[in-house]
Amino acid sequence: MPLSEKSLYQLSVIASKPSGFLSIFSNINQLSNALPSLKHTSSFGPELAPAICGYLPHHKVALSPVGRNRLVNTCKSENVEFWSGFVLSRELSKKKFQTVVVSPRSYFAFTPLLASTAVGTLEFRTTLESVRARRSGVEFIQGWADDVNFNEKRLRIEEAVLRPSQLPPTREETALIQDGAKSQISKKGQMFDLKYDKLVVAVGCYSQTFGTPGVRENAFFLKDITDARRIRKRILECFETASLPTTSDYLRDQLLNFAVVGGGPTGIEFAAELFDLCHEDLRKIYPSLIPHITISIYDVAPKILPMFDHKLADYALNLFKRDGINIKTEHQIESLRPGLPGSLNNDGGAFTLTTKQEGEVGVGMCVWSTGLMMNPFIQKALDDVHKYPASSATLSAPVISDPTDKKWALKRSPKSGGLVVDDHFRVKLVPRNGTPASADTLEATMHDVFALGDVSVFEKGQLPATAQVANQEAKWLGKKLNKNDMDSEGFTFKNMGVLTYVGNMKAIMQGGKGQEIKGYGPYLFDRNSLT
């Protein structure tokens with residue numbers, strides 16, 4: 001159903017996995033006719049109640065019989081994908097859309113500040129913005145998408161109040177399971193259906209562990225505010241344990257050996273922030289422990305910060321070497337387990353990081369930041385196109401046979417597994433493997449299903465997985481939807497440059513046109529732009 005400039009739309013934001021964003025436009029008239037006995041619910045008060053989609057104990061969507069369309073957005077906050085979803089929900093016109101957010105997380109985390117919050121430079125609250133914020137015009141439901149039927153325009157959603165993650169349990173969660181609290185960690189939420197008119201998939205990606213044994217259970221990630229809290233707590237645990245008179249010098253060295261895996265901006269910024277914390281603040285509290293501190297950055301690539309010009313990358317490298325931070329490029333991580341090297345017991349609270357080049361190394365904490373892994377919702381839930389959506393898809397070429405007789409799949413990037421989209425972020429379909437060879441070149445474009453952020457791959461090439469890209473995509477799509485203008489010129493990314501903090505109040509910045517700035521100036525610009 002085409003969007004009318006004169007119509008008033010209702011926006012509902014629904015979440016799919018803990019890290020991403022999914023948008024759905026649903027026709028209220030159709031659903032209210034199908035559910036005449038249901039009453040609406042709203043947390044925004046009587047002035048908004050007639051147009052808001054609610055959530056009932058019977059797991060049906062309650063709609064008011066008014067002439068409005070609903071846009072549902074599913075959001076996550078483990079990475080920049082909630083960035084695109086959050087920005088899109090704010091970008092859409094409040095006169096045309098009303099927003100309901102359904103996400104495993106009820107907040108948006110400003111990811112560039114997570115490294116600073118992890119070491120105490122900033123407080124956690126400075127990086128958060130509630131999805132339920134006043135005057136935001138959104139209502140919130142905690143859940144994630146489990147399946148989509150494109151032909152029926154129906155989304156299957158699971159409650160996520162008690163289980164806001166679908167990843168394997170962390171070390172802390174494993175301990176809870178062993179203590180008998182398994183139901184709190186693994187309980188599956190109840191399911192309910194939601195119809196839509198248009199759908200925007202931006203569920204984001206998880207941290208890529210490459211299947212390395214022990215990493216998911218024992219490493220520390222930096223994707224969400226909960227990760228930053230765990231890291232801050234772990235740093236203090238390491239220093240307090242190391243300061244005990246019962247701690248040997250050998251164990252003290254292991255506890256204060258901090259490993260950062262990943263030589264990209266996130267890993268580099270965290271290592272720099274950690275160095276500042278240890279040598280500026282903790283030096284005053286634990287002066288005798290400072291000689292025992294070691295910070296090492298591991299990366300499988302031959303150089304760190306590959307997105308920067310080699311001069312800027314070399315500047316950061318030399319600065320780290322001068323500060324005593326070890327840069328270990330071309331190192332392959334084989335495993336991460338609890339316990340000291342050479343011991344199978346979990347003694348001392350340290351971990352053993354095993355690399356192909358150095359063997360076993362004792363560490364107090366391993367922060368893992370090595371890229372992105374496709375979201376399980378993209379990998380599994382969207383793997384099955386139940387039936388060809390004839391009413392909302394256009395074939396790339398005329399065919400004699402009925403396209404509904406064929407089995408279809410979402411077109412994916414062979415490299416990343418992301419969803420291939422055109423320059424208007426519309427998702428594409430291709431015949432499944434096993435169909436006649438002549439059908440391999442055939443594809444279809446769904447005009448009511450969009451994908452944003454890391455899960456989307458342009459046909460002409462994948463864009464960088466940064467918040468800058470996600471922000472521009474969301475703003476562009478929001479403006480186009482507001483104007484009902486999806487046939488004009490497509491999206492073009494405008495590179496505004498990249499900036500990374502490298503410690504000691506210094507940063508490196510590379511402009512969109514290749515300008516290179518380093519030192520105190522870009523650091524000052526970075527701090528002022530974020531506050």
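The values are calculated or read from the model by the stated rules, or taken from the named source; none is laboratory data. In this text, all values refer to a predicted model and were calculated from it rather than measured experimentally. Positions of Cβ are generated from backbone atoms using ideal geometry, with glycine treated the same way; all protein chains shown enter the neighbour counts. These accessible areas exclude ligands, DNA and RNA; they are computed on the full protein's heavy atoms, side chains included. Shrake-Rupley method; radii C 1.70, N 1.55, O 1.52, S 1.80 Å.
Meeting the requirement of 3 or more residues that are farther than 20 Å from Ala470 by Cα and either modelled with pLDDT of 85 or more or touching a His at 6+ places or on another chain (Cβ under 8 Å) (or both), the strands (runs of 3 or more DSSP E) wholly within the range 68-151 are 143-149.
Quick grid of which residues meet (1) closer than 30 Å to Phe493 by Cβ; (2) in contact with an Asp or Glu (Cβ under 6 Å, 6 or more places away or on another chain):
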position: Asp383; (1), (2): yes, no
position: Lys387; (1), (2): no, no
position: Ser392; (1), (2): yes, yes
position: Asp405; (1), (2): no, no
position: Leu410; (1), (2): yes, no
position: Lys415; (1), (2): yes, no
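The single condition from (1) farther than 30 Å from Leu199 by Cα; (2) among the hydrophobic types (A, V, I, L, M, F, W, C); (3) crowded, with 18+ Cβ neighbours inside 10 Å that Phe525 fails is (3). Arg426 - would you say it is basic (Lys, Arg), open to solvent by 20 Å² or more (accessible area, probe 1.4 Å) and over 30 Å from Leu222 (Cα atoms)? Yes, satisfied.
Once the range 359-381 is narrowed to residues that are part of a loop (DSSP other than H, G, I, E, B) and in contact (Cβ under 8 Å) with a residue 24 or more places away in the chain, the residue that is surrounded by the most Cβ atoms within 10 Å (Cβ to Cβ) is Asn375. Taking the range 267-358 and the strands (runs of 3 or more DSSP E) fully enclosed by it, no element has 2 or more residues that are surrounded by fewer than 21 Cβ atoms within 10 Å (Cβ to Cβ) and of a type in the set (A, V, I, L, M). For the range 504-515, the set of residues classified as at negative phi and open to solvent by less than 80 Å² (accessible area, probe 1.4 Å) consists of Lys506, Ala507, Ile508, Met509, Gln510, Gly511, Gly512, listed by residue number.
Consider Gly461 carefully, then state whether it is under 21 Å from the mean Cα position of the chain (by Cα) and either open to solvent by less than 70 Å² (accessible area, probe 1.4 Å) or not acidic (Asp, Glu) (or both).
Yes: the conditions hold for Gly461.
Condition (residue is within 23 Å of Ile325 (Cβ to Cβ) and in contact with a Ser or Thr (Cβ under 6 Å, 6 or more places away or on another chain)) applied to the range 495-509: is it met by at least one residue?
To start, the set of residues in the range 495-509 that are within 23 Å of Ile325 (Cβ to Cβ) comprises 498-509.
In the following step, the residues that additionally are in contact with a Ser or Thr (Cβ under 6 Å, 6 or more places away or on another chain) were identified as 508.
There is at least one residue in the range 495-509 that is within 23 Å of Ile325 (Cβ to Cβ) and in contact with a Ser or Thr (Cβ under 6 Å, 6 or more places away or on another chain).
Put simply, of Lys475, Lys518, Lys480 the only residue that is over 30 Å from Ile295 (Cβ atoms) and open to solvent by 70 Å² or more (accessible area, probe 1.4 Å) is Lys475. Restricting attention to the range 483-503, and to residues there that are closer than 17 Å to Pro265 by Cβ and polar (S, T, N, Q), which single residue is surrounded by the fewest Cβ atoms within 10 Å (Cβ to Cβ)? Filtering first and then ranking leaves Asn495.
Restricting attention to the range 395-416, the residues that are among the charged types (D, E, K, R), under 34 Å from the mean Cα position of the chain (by Cα) and under 17 Å from Asn433 (Cα atoms) total 4.
Could you tell me which numbered condition Lys415 fails, if it satisfies all but one of (1) open to solvent by less than 60 Å² (accessible area, probe 1.4 Å); (2) touching a strand residue (DSSP E or B) at 6+ places or on another chain (Cβ under 9 Å); (3) modelled with pLDDT of 85 or more; (4) not aromatic (Phe, Trp, Tyr)? The failed condition is (1).
Close Cβ contacts (under 7 Å, 6 or more residues apart or on different chains) running from residues in the range 299-325 that are modelled with pLDDT under 95 to residues that are surrounded by fewer than 15 Cβ atoms within 10 Å (Cβ to Cβ) and in a helix (DSSP H, G or I) are absent.
Taking the listed residues Ala409, Ala465, Ala439, the one that is at pLDDT below 95, of a type in the set (A, V, I, L, M) and within 28 Å of Leu305 (Cα to Cα) is Ala465, with no other qualifying. Scan the range 148-163 for residues that are surrounded by fewer than 18 Cβ atoms within 10 Å (Cβ to Cβ) and touching a helix residue (DSSP H, G or I) at 6+ places or on another chain (Cβ under 9 Å) and the total you get is 3.
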